[in-house]
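The values are calculated or read from the model by the stated rules, or taken from the named source; none is laboratory data. Here the structure is a predicted model, which is why all the values come from computation and not from measurement. All Cβ positions, glycine included, derive from the backbone under ideal geometry; neighbour counts span all protein chains shown.
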Amino acid sequence: MVAGGATIGEMLAELDRRHPGLRFRIIDERDAIRRHIMLFINEDQVRTLSDQTRPEDTVHIICALSGG
């Protein structure tokens, strides 16, 4: 899926416009990345929504599985 934005936050906002509710599954009410989600820009882990992106970057959204 291709999405634009100068930051991870902008990219997630664009994806949420196309797929309503997606951002809330990744970002909590305090605008923090949820504990069970890891985001990467290329091979570097994202720490905040203000992390910068470039058009040639690949963003990975990884969800940890849990349960018993």
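Structure notes:
- Residue within the stretch 41-51 that is in a helix (DSSP H, G or I), loosely packed, with under 14 Cβ neighbours inside 10 Å, on the phi < 0 side of the Ramachandran plot and at pLDDT 95 or above present: no
- Subset of the stretch 22-40 that is of a type in the set (K, R) and in a loop (DSSP other than H, G, I, E, B) - its residue that is modelled with the lowest pLDDT: R35
- Annotation: of all residues in the stretch 1-18 being assigned to a loop (DSSP other than H, G, I, E, B) and surrounded by fewer than 12 Cβ atoms within 10 Å (Cβ to Cβ), the one that is modelled with the highest pLDDT is G4.
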